[in-house]
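Values quoted throughout were computed directly from the atomic coordinates according to the rules given, and no laboratory measurement underlies them. Please read these numbers as outputs of a predicted model, since none were measured by experiment. Cβ placement follows ideal geometry from the backbone for every residue including glycine, while neighbour counts extend to all protein chains displayed.
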Amino acid sequence: MYQGWGEPGIPPGNLVRYYDQIRHKSSEAGDSVRVFMVPGMGHCGGGNGTSTFDMVSALDAWRDGGKAPQQVNASRVRDGRVDRTRPLCAWPAVAKYKGTGSIDDAENFVCSKR
């Protein structure tokens, strides 16, 4: 599942709480569900965040290879070109800046627990 933190209609915290409840009720929940929160993304896309990503390929790789995704690469496209990349991290991990390099380059971020 994924949702943008900038979602105007459905409060993003609801998905996080729902996922946390699933994990609380079943220690095996992580084997079958992941949540990816997208900073700055609005409803199903748009906004200032990196709202271009391929969740279907991540799901296919999980199904075919048996390894759940820990992150999904995302980009922001403006005026027909990519101007920002970031990792989308499996909740509760978030992308944290390493402290050096461009903040528009995913290479300078790491997924880590909040």
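If you scan the stretch 27-58, which residues turn out to be farther than 21 Å from Gly13 by Cα, free of Cβ contacts under 8 Å to residues at least 24 places away in the same chain and surrounded by 14 or more Cβ atoms within 10 Å (Cβ to Cβ)?
Selection gives Ala58 alone.
Given the conditions (1) in contact with a strand residue (DSSP E or B) (Cβ under 8 Å, 6 or more places away or on another chain); (2) surrounded by 14 or more Cβ atoms within 10 Å (Cβ to Cβ); (3) of a type outside the set (Ser, Thr, Tyr), report the number of the one that Asp105 does not fulfil.
The number of the failed condition is (2).
For Arg76, state whether it is part of a strand (DSSP E or B), surrounded by 15 or more Cβ atoms within 10 Å (Cβ to Cβ) and of a type in the set (Lys, Arg).
yes
List, please: which pairs have Cβ atoms under 8 Å, are six or more places apart or on different chains, and start with a residue in the stretch 88-108 that is among the aromatic types (Phe, Trp, Tyr) and end with one that is surrounded by 11 or more Cβ atoms within 10 Å (Cβ to Cβ) and in a loop (DSSP other than H, G, I, E, B)?
Trp91/Arg34; Trp91/Val35
Within the stretch 44-73, which residues are part of a helix (DSSP H, G or I), farther than 23 Å from Lys113 by Cα and touching a strand residue (DSSP E or B) at 6+ places or on another chain (Cβ under 9 Å)? Steps first, answer last, please.
Residues of the stretch 44-73 that are part of a helix (DSSP H, G or I), as a first pass: 55-65.
Filter once more, keeping what is farther than 23 Å from Lys113 by Cα: 56-57, 60-61, 63-65.
Correct list: Ser57 only.
Among the hydrophobic types (A, V, I, L, M, F, W, C), within 19 Å of Ala95 (Cα to Cα) and within 14 Å of the chain's Cα centre (by Cα), is that true of Val35? Steps first, answer last, please.
Numbers: among the hydrophobic types (A, V, I, L, M, F, W, C): yes; within 19 Å of Ala95 (Cα to Cα): yes; within 14 Å of the chain's Cα centre (by Cα): yes.
So Val35 fits the description; yes.
Where residues in the stretch 89-100 are in a loop (DSSP other than H, G, I, E, B) and either among the basic types (Lys, Arg) or out of contact with any strand residue (DSSP E or B) (no Cβ under 9 Å at 6 or more places or on another chain) (or both), which of them is surrounded by the most Cβ atoms within 10 Å (Cβ to Cβ)?
Selected residue: Lys98.
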